[in-house]
């Protein structure tokens, strides 16, 4: 049987930071995929990568006449969640 040393509180804190950032990045990826899929239903597409996501978020605000009101509401919710996650990922004290 192999024994593992007990982690210090500082080591646990660093692990928590890494796990939290990983969770935020996975949530962001899911939201980006959902945004692409929903806009794709209306024929609105953009390139892949960070620039494509920025373009999609801008398009959410510009395509008022192409998308029904209920869909716009859902898209705005996704866009605001993306902004929040981007701030959380960029503003975190990640090691």
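Every read-out reported here was derived from the displayed coordinates using simple, explicitly stated rules and does not represent laboratory data. The structure presented is a predicted model; accordingly, all values stated were derived computationally and were not measured. Positions of Cβ are generated from backbone atoms using ideal geometry, with glycine treated the same way; all protein chains shown enter the neighbour counts.
At a glance:
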read-out: Net length gained if the chain between residue 71 and residue 23 were fully extended (0.36 nm per residue, minus Cα distance); value: 14.6 nm
read-out: Residue order, fewest to most surrounding Cβ atoms within 10 angstrom, among 59, 66; value: 66, 59
read-out: Estimated FRET transfer efficiency when R0 is 30 angstrom, pair residue 64-residue 13 (beta carbons, to 0.05); value: 0.10
read-out: Cα-only radius of gyration and Dmax that characterise the chain, units Å; value: 18.3, 66
read-out: Helix axis angle, 69-91 relative to the chain longest principal axis, alpha carbon, degrees; value: 30
read-out: Theoretical ellipticity at 222 nm over the chain - DSSP helices of four or more residues, -39500 (n - 2.57) apiece, nearest 500; value: -25000 deg cm²/dmol
